[in-house]
Every structure is written in C-alpha cells, then in structure tokens.
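J.: Mind having a look at this structure? Questions to follow.
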Amino acid sequence: MNLQIIISGIGGQGVVFGTKVLFQAALLKEFNVIGSETHGMSQRGGSVVSHLKIGNCLNPMIRTGTADVIYAFEETEFLRTLPFIGNSGACFVNTKKEDLTNGGLGMHLTKKRIKVFTLDAGRIALELKTPLSVNLIMLGFSIPSGHLPFSLTDMEKTIADITPDKFLEQNLKALRAGYKNWQSK
Amino acid sequence: MADIKQEILLGNEAIARGLIESGCHIITSYPGTPSSEIVPELARLKDVHKLDMYIEWSANEKVAYDIALGASYMGKRAATVMKQVGLNVAADSLMSSAYTGVKGGLVIISCDDPGPHSSQTEQDSRYFAMFAKVPVIDPSSPQEAKDLLPFAFELSEKFEIPVIFRPAIRICHAKQNVTLKKIAANPKPAKFDKNPERWAATPRYRLILHRELNRKLELIREEFEKQKDKNYTAPGSKRARLGIITGGVSFAIVQDILSEYKLSDKIKVLKITTPYPLPVKLTGRFISQCQKVLILEETDEVIEMQARTTTDRKKILGRLDGTVPREGELTPEVIYDIIRKTIKKSGITPSLPNVSGKLTELVNGLKLPIRRPTLCPGCPHRASFYSIKKALPDAIFPSDIGCYTLGINLGAVDTCLAMGCGITLANGFYQALRHDNQSKPVVGTIGDSTFYHAGIPALINAVYTGARFVLVILDNSITAMTGMQPTPDTGILADGIKGRRVPLPELIRGCGIQPEGIRECDPYDINTFGRLVKEAYDYTLRPDGGMAVIIAKHPCPLYYREEHKKNQVKVKILKELCNGCRHCIRAFECPALVYDETSKTVDINYMQCSDCGVCIQVCRQKAIQKITD
C-alpha cells in the first residue's frame, strides 16, 4: 500500500490532530508510515501543512506533483498546497464555494484527472455545536470515496484509541456526519 | 516478545526514547527550534516509566553543556540538547572539552535547520564537529535516530570524547512508526578521578592533549570504516556510471527517488552516517567504482571536502563545482532536479521525467495572500511595541530573539541578530552616537527568557561603561516562541516541579541599575506605559540619570489562559464612529481587526479576538468600545 497525503489548513483548525488520526489508522493496519509536520508558526496565524506517506518510504516529505490525496480545511491553503497533487489525485476541501477551481486552473485539473470534492464542513461543525471538528468531518467525508485504505470502522476505532473519553462522542459524531454527507460528483 | 512495540513518534520523541534506551539519565537543554520537544518528552517518559532521571532547562546552552560535561567527567552518561546556533553559545566549552575528553559518554544533540525555517543561520553542526575535532553522527530517520544513540554513547566512552549527534529539522519534526527497545538502566556511580594534568591542563600540556586528540580521530576513523551497518553501499560492489554519496535527510530523499523510478541498480548509493571523521578508505573505494560521483549533503560540503582528498577529484560533483546549491534546503524538488540533470550528463537512460510546473504556475498566478507570522491577538508585546513606537517614533530599536521579534510588523524592531543583542547592540549604537556627540533615542527590547540567557553580562556592561539607553524587558513569564518552557523567573523546573525563583527586578538591581532607573508596568495600560517610556528616555538624558530599564509585565494569554479569561474585555466597533482610517490595523496590527472593503470600516473577527480590550485605547475616534450588558 503506497499512499501520499497532504493535510493543510490554518493554525487552530486541527491539522495536527487530523494528521495524528491518519497516522494512528495506518499503525493499526500495520502499514509503515512516515511524514512531517509544521511546528510553531501555527498559533501565529500561519499556514499549517502536514505530509503523510504510507508505504516503504524513508523521506518524510512529499514532492510537488506526487500526492495522491489533499485534505484542505481552508480554501486559500487548499490552493496554496494544490501543486502537491499528482495526476488522478483527489482533493477534499472544506469550503462554502461551489466552484473553487475555475478557468484555466479547473481545465488543467480536469485534463490531469484530478478531482476536487467540496463540503461545507464549517456549517456542519456549527450545526453539531462542535466548531473545531472540521478536520474529522472532512476525514469522514472522504471515506466512501475509496481513496483512503480505511473503512468507517477503521477510523472509528482509531479515534476511540486516541481521544480522551470526554471528547469521544463528539468526535465520532463529526466523523459520521462527514461520512453521511459524501456525494460523488 | 513484549519488547516489540511500535508507536507513532515525532523524531524528537524518538530521540528522547533513544536517550533512555541508552541509559542516559542526565539531560540538560535550552529551548530552540527544532530541538524543543526532546526535553518535554523526556519529562513525560520519566513520569510514565518512573525513571530515575535528571532533566534540566538550563539558563543557556553554555551552562547546559557544562552541566552535562560535569556529569560525564564523573562517569555518568549525559546529553545536552540544543538547536544548531545554540552550539555557538556552548562552543567555548565544547572546543576545550575535546582536548580534555570525557569519562561517561557525552552526546551533544545539535539540531540543524537547513532553510532556514526559524534560525539566524543555516549553519552545519557537522562542520562544527570538524572544527572542534569530535565525531558526528547524522541520522536519516526518526527510527534510525533512536537506534543510533546507544552507539553514540558507546563511541564517546570507548574513545573518551564528546560526540555530536545532529538530526536536521526534517528528522526532528518527522513522524514515523518506530519500534521501541528496552529502557536501559544506568548503573555507573558518580566518581571523579582526580587528574589535574588532564582536567586542568595548562597550555603546555594542552599540546600533548591535542596530539592525543588527533590520534583519537584517526582511531575513530578506522572504527567508522568497520561500521558496515552505518556506512554502506547499495547495491554491492559492481561498477556504475553514477554513484551518489549521501547522508541524513538527503539519503532518505535519494533512496525514495531511486526506488520510485527503478534506478537502484543503475545508480550506486553510499550512505554516510558518520560524516566526520569520514571513512575515507570506504569512500575512496566507492568513488573508484564509479565514473562520476554526486555528493548530496546538508548543509555545507563536509563530506565533499574530505572526499575530494581521496581520489580523482574530477569525478566529484557537489557544491564546490556548482552542481549543488551552496545555500538553502535540499528539498525533494531540488534533489530531484539535480539527480535528473546529473543522470542526463552521465549518459544513463532514461533519466527522470521532466517535472511539469504547470500547476505551480497556475497557482502562482492566483496571487494568494501570504500569511505572514504575526503576534497573537492579545499579545502584550503588541501593546508594548505600540506604546514604544508612539512615545519615541524616531528611536532606533535593537531587538532580540523570541515571539517579540514579530514586533517588526509594528515598525519597532530594527535588529535581530543573536541572543542578548537587544542590549549589546543598543550599547554599540549608543557608543557610536556618543562618539559623534549625536543624541538620538535608542530603545532596546528583550524577552524575559532571553534576558536570563544572555542579557545579564550585557546589562552589567552597559551600567559599568556608563551607557545611556532605554531597555524594555518584555516579561510574559514564559519562553513562548519555542513552545512555552519555564524560565528561572517562574521557578518551575523541566519536569514540572517547583524550583527556586530568581526574580527579575532584583536581578536588574543586581546588575547595577539605580532604583530611579527601573520602572515596571502592565503594557495593556497603553497610556501609562507610553508615559513611562518617555520618562525613561528623559532619565537617560539627565546629568544625574543613567541606564533606564522598563519591565513590561503581562503573562502570555495563550499559556496563562485561565488568568486571561478572568480579565476578559469584550469589545465592539461603533460603525458610525469608525472613519476607516485603519490606524488600528496599521499601527496596532491585531489580526482580529479586519478592514471591510464594502462598508469601508473595520470589523472585529470574533473567531480571532482574544478579548484583551487593548484596542479600545488605540482607536483615535473612540469607535472601539467595551460591550457592557
């Protein structure tokens, strides 16, 4: 199993926790996994990007044009990290916009068979009264797409392993809400 | 076996684990990116496994180094942890201790920052090892970093020499599934074997120690020739058109590219885990088996310089002939491009495919806004800099290293050089101006942790030599930028236990500042603070005056969250009073204040606002007001 995932957002959106979930999910399935995180600039309003590579990789960084999946919890950070995606890759973006990639950019993505799946995870998070759960909603959203080697059960088990009891129910709710909202376009 | 356990670990966490798997139980450090996570992880491991360990956040890296060295003089395994520029601070002791040697293993973990991402230089700790004449170990992954530490300690003890261990930032902040080994005990009792000829060697005897050191290095080089699991060639010993000599993070990047494009049997690779002293026989043999050799290493040409002494130098492609850039990080994209061009030149076909930059080009065309780092909403430093700049707009502002360096966004930071320079450069500026009989305000700024690190001799000097400038110590009661570590002023130790406080005002008095020269104020009170800045400057000009120090005291709202919440001031903008002058955004720069193009007024982004209420005093139209219900 070889899979390269980028997770991006701004400080405070839970990019690091989202990455942690994916790492743990990989560990549970006994995949080899390596990646890297941005540390330190996130609280000062900066961009946060994590790299995660499943497979027998030694290098923790993904090269531009070679990622299989991008999770982006914010639009501008999505566009900023878009150059990482490889041909036939899939992007899962938290946005209210219907048409995030248009014009020349949209045409290029279509030509390279790169799919962009959008979800207004922010709205769902507010509805669930858990404003900080955009990360888990987006992870849940991506499961039915088939681009991840994890099932809903895999992810629920992972989250149960790493979440303190008092947050477990809300975390699972967020994951499942994202999962239910999947629509392949 | 119960020992086979895997965990997802950050590189720094793997290093912490490696220290306890090595039986190292005395660790000292000063915070510095990318090394800062090692000590907190050690404190956690100590607690979880109930280990008998001593872990310390020292006042600075020189002090940290010396304490670890002292422990190793007594036969204990000790480690000291710092970022690469911290090694500069510890250099005096490092250089001297290479001559005296050690007894218990001493490992210096010096974390490099090619890029640089958050340092004043991207200097190479392997180069420092060469300068100090001590061996250096360069891991290529978190797992390897953990597994190499026992070897580092054994090496240090076998040859009685300090050993530098240098993980680069991409190891420190990498995450990987890591296989754990058993935690080792440290049975060696503390014992000092008196030997003044060695430990207190006078200059004449230092010559003998130097001769011994040079001999040790050659023995270590021989040792490295034999370490086949650390320095090895893949594949085998057959000849090749192109070989790559590499180590550290670069090795990991090269390996992934070669296996991805199935070039592993066309291009030989020599992994070097011990770049100094370089196993030159092994390296020479490798070079003789290749027509061309590309050397990929970070950050300087340490392997390359030594390799070029071995055989036919014309074969070697590296930094010295312009193949590899002499500055900047060797990212996967940079390495990919160098390998692609080199393969083409060496006649191997096919080379790596050309990279299409089309997507990058399209995204660059979008001109996305850059999120520059900025002080957090509610940061007391913002209030301090606002007041300083308002009170003395024409001053020169030498500053220092910490969160407050971001005061540059408020136009109140003119220099940032090295630890303590907020005071020493102010001193230098003062002397230069005085030399010309010029009078111009100089306001130096420095953080509390930085002051304990390097500020004290600097302040003593200013008093002693009669310098006259304003120093503002930005005291937020924490070492914030590096991830919230305690300071001697907080009196909390690395493992959370209460130590002894060394309070700041007494320390400042102790440096010789007169009582009339010291002022203390909460910077949230902008009017009072601004007045004190003017008073302080006047004090420096009075014939009976002197150095002026202001302590800007307010705890970091992020770390001292509960206390901050108790004093919340919720604010709103009265749109009818806001004239869109944007003084609040330009001069105060709070990220929670956002200009709305449509209404041409300022809005508050309540997701970001920390309810500090300071902006109320900033708005010249009195449009920002407290919400009272």
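The values are calculated or read from the model by the stated rules, or taken from the named source; none is laboratory data. Quick caveat: nothing in here was measured; it's all calculated off a predicted structure. So basically every Cβ, Gly included, is an ideal-geometry build from the backbone, and we count neighbours across all protein chains shown. To get the accessible areas, we keep the full protein, side chains included, count just its heavy atoms, and leave off ligands, DNA and RNA. Shrake-Rupley method; radii C 1.70, N 1.55, O 1.52, S 1.80 Å.
J.: Search the range B:348-374 for residues being more than 19 Å from A:Glu74 (Cβ to Cβ), among the β-branched types (Val, Ile, Thr) and at the interface with chain A (Cβ under 7 Å from one of its Cβ atoms), and hand back the single one that is least open to solvent (accessible area, probe 1.4 Å).
T.: Residue satisfying both the conditions and the ranking: B:Thr360.
J.: Let me ask something else. Might you let me know whether the range B:608-623 holds any residue that is out of contact with any strand residue (DSSP E or B) (no Cβ under 6 Å at 6 or more places or on another chain), part of a loop (DSSP other than H, G, I, E, B) and of a type in the set (Val, Ile, Thr)?
T.: Looking for residues that are out of contact with any strand residue (DSSP E or B) (no Cβ under 6 Å at 6 or more places or on another chain), part of a loop (DSSP other than H, G, I, E, B) and of a type in the set (Val, Ile, Thr), one finds at least one in the range B:608-623, hence yes.
J.: Consider the range B:234-290. How many of its residues are touching a Leu at 6+ places or on another chain (Cβ under 6 Å), assigned to a strand (DSSP E or B) and either more than 14 Å from every other protein chain (Cβ to nearest Cβ) or not hydroxyl-bearing (Ser, Thr, Tyr) (or both)?
T.: Adding up the residues that qualify gives 3.
J.: Now, a different point. Applying the selection to the range B:429-438, what residues are aliphatic (A, V, I, L, M) and open to solvent by 50 Å² or more (accessible area, probe 1.4 Å)?
T.: B:Ala432
J.: Restricting attention to the range A:52-76, which residues are more than 9 Å from chain B (Cβ to nearest Cβ) and assigned to a strand (DSSP E or B)? Don't jump to the end; show me each part of the working.
T.: Initial filter on the range A:52-76 (more than 9 Å from chain B (Cβ to nearest Cβ)): A:54-55, A:67-75.
Of everything in the range A:52-76, those that are more than 9 Å from chain B (Cβ to nearest Cβ) and assigned to a strand (DSSP E or B) turn out to be A:Ile54, A:Ala67, A:Asp68, A:Val69, A:Ile70, A:Tyr71, A:Ala72.
J.: Against the conditions (1) of a type outside the set (A, V, I, L, M, F, W, C); (2) more than 30 Å from the chain's Cα centre (by Cα); (3) open to solvent by 40 Å² or more (accessible area, probe 1.4 Å), where does B:Lys216 fall short? Just the number, please.
T.: (3) is the only condition that B:Lys216 fails.
J.: List every residue pair whose Cβ atoms lie under 8 Å apart, where the two residues are 6 or more positions apart in sequence or sit on different chains, the first residue falls within the range A:139-154 and is among the small types (Gly, Ala, Ser), and the second residue, located anywhere, is open to solvent by less than 30 Å² (accessible area, probe 1.4 Å) and in a helix (DSSP H, G or I).
T.: What qualifies is A:Gly140/A:Met155; A:Gly140/A:Ala174; A:Gly140/A:Leu175; A:Gly140/A:Ala177; A:Gly140/A:Gly178; A:Ser142/A:Gly178; A:Ser151/A:Ile143.
J.: A further question follows. Look at the range B:179-197 and say how many of its residues are assigned to a loop (DSSP other than H, G, I, E, B) and farther than 15 Å from B:Ser72 by Cα.
T.: Taking the range B:179-197 first, the residues assigned to a loop (DSSP other than H, G, I, E, B) are B:181-195.
Imposing the further condition that a residue be farther than 15 Å from B:Ser72 by Cα reduces the set to B:181-185.
Summing the residues that are assigned to a loop (DSSP other than H, G, I, E, B) and farther than 15 Å from B:Ser72 by Cα in the range B:179-197 gives 5.
J.: Quick one: in the range A:77-102, of everything that is open to solvent by 30 Å² or more (accessible area, probe 1.4 Å) and outside any loop (DSSP other than H, G, I, E, B), which residue is nearest to the other protein chains (Cβ to nearest Cβ)?
T.: Per the stated criteria, the residue is A:Arg80.
J.: Which of (1) touching a Cys at 6+ places or on another chain (Cβ under 9 Å); (2) open to solvent by less than 10 Å² (accessible area, probe 1.4 Å) does B:Ala426 not meet, given it meets every other one?
T.: With (1) touching a Cys at 6+ places or on another chain (Cβ under 9 Å); (2) open to solvent by less than 10 Å² (accessible area, probe 1.4 Å) applied to B:Ala426, the lone miss is (1).
J.: Residue under question is A:Lys157, and the condition is that it be open to solvent by 20 Å² or more (accessible area, probe 1.4 Å) and either at pLDDT 95 or above or closer than 17 Å to A:Ile7 by Cβ (or both); does it hold?
T.: When the stated conditions are applied, A:Lys157 passes them.
J.: Tell me, which strands (runs of 3 or more DSSP E) lie completely within the range B:520-597 with 1 or more residues that are touching a Gly at 6+ places or on another chain (Cβ under 8 Å), buried (at least 19 other Cβ atoms within 10 Å of the Cβ) and modelled with pLDDT of 95 or more?
T.: Those strands (runs of 3 or more DSSP E) span B:548-553, B:571-573.
J.: Sticking with this structure for a sec: Residue by residue through the range B:44-68, note down the ones that are out of contact with any Lys or Arg (no Cβ under 6 Å at 6 or more places or on another chain) and open to solvent by less than 20 Å² (accessible area, probe 1.4 Å).
T.: B:Leu45, B:Ile55, B:Ser58, B:Glu61, B:Ala64, B:Tyr65, B:Ala68
J.: To continue, here is another question. Name every residue in the range A:103-128 that is within 14 Å of another protein chain (Cβ to nearest Cβ), open to solvent by less than 30 Å² (accessible area, probe 1.4 Å) and part of a strand (DSSP E or B), in order of residue number.
T.: Across the range A:103-128, there are no qualifying residues.
J.: Report yes if some residue within the range B:122-135 is on the phi > 0 side of the Ramachandran plot and either within 14 Å of chain A (Cβ to nearest Cβ) or open to solvent by less than 30 Å² (accessible area, probe 1.4 Å) (or both); otherwise report no. Reasoning before the result, please.
T.: If we filter the range B:122-135 for residues that are on the phi > 0 side of the Ramachandran plot, which is where we start, we get B:133.
Then drop every residue that is not either within 14 Å of chain A (Cβ to nearest Cβ) or open to solvent by less than 30 Å² (accessible area, probe 1.4 Å) (or both), which leaves none.
For the range B:122-135, residues on the phi > 0 side of the Ramachandran plot and either within 14 Å of chain A (Cβ to nearest Cβ) or open to solvent by less than 30 Å² (accessible area, probe 1.4 Å) (or both): absent.
J.: Hey, another quick one. Considering A:Thr76, A:Thr101, A:Thr110, which residue is of a type in the set (Val, Ile, Thr) and over 19 Å from the mean Cα position of the chain (by Cα)?
T.: Numbers: A:Thr76 fails: over 19 Å from the mean Cα position of the chain (by Cα); A:Thr101 fails: over 19 Å from the mean Cα position of the chain (by Cα).
Sole residue among the options that is of a type in the set (Val, Ile, Thr) and over 19 Å from the mean Cα position of the chain (by Cα): A:Thr110.
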